[in-house]
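Worksheet for the structure shown next.
Values quoted throughout were computed directly from the atomic coordinates according to the rules given, and no laboratory measurement underlies them. These figures come from a predicted structure and were not determined experimentally. With ideal geometry, Cβ positions are generated from the backbone for all residues, glycine too; neighbour counts draw on all protein chains shown.
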Amino acid sequence: EKRATPYDAIGAETLSMLVDAFYSRVGKHPDLIPIFPDDLSDVARKQKQFLTQYLGGPPLYTEEHGHPMMRARHLPHIITPQRAKAWLTCMSQAMDEVGLEDMFREQFFARLALTAKHMVNTPNEIK
Ligand code: HEM
């Protein structure tokens, strides 16, 4: 018998709502607007595929795009610690909006925070 995954716990519908709530904030965040395309529908579609497999669901992202190599795919974009923080703020607010439950939310967010840190490829500007 297969063990229940975090993907089973959140479900496809809530995951999709989470990603939509997240990108609607990304599209309004002054630190993130400069690096994202105006039309966020394709990145949202890919993020739903990615997070599905990240949480132990079917490998939808890999099936369509190959190995995730997330850090490498982010290298063309300037990602500073400030932008990582902005990304995580948008995610935390999206989690509030869809009402993720405490334990699940805490673990999922902690894991995303590590991944976000790993995506940083440029220091904050020294002013
Ligand atoms: C793509 C920014 C963290 C997953 C992108 C793109 C940008 C970006 C600019 C490209 C959008 C486009 O032009 O299509 C950031 C920033 C982050 C961050 C500023 C802050 C640390 C993360 C994290 C994850 C993630 C933590 C996963 C947990 C993705 C995925 C894509 C993507 C799946 C689509 C990749 C593809 O094109 O196949 N991100 N990202 N990102 N990001 Fe991030």
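Annotations
- Summarising the label geometry, the points placed 7 Å from Cα in the beta-carbon direction at Thr80 and Glu97 lie 2.5 nm from one another.
- Within segment 33-127, GluC sites (Glu not before Pro) in DSSP loop having at most 16 other beta-carbon neighbours inside 10 Å: Glu101, Glu125
- Loop-located trypsin sites (Lys or Arg not before Pro) across segment 1-109 with a Cβ neighbour count of 15 or fewer within 10 Å are Lys2, Arg3, Lys28, with loop assigned by DSSP.
- Inter-part distance where segment 27-57 and segment 1-26 are each reduced to a Cα centre, Å: 13 Å
- Annotated for the chain: lysine pairs at least 8 residues apart or interchain, Cα distance under 30 Å, count 14.
- Gly57 long-range amide H proximity, modeled H, under 5 Å: Tyr7
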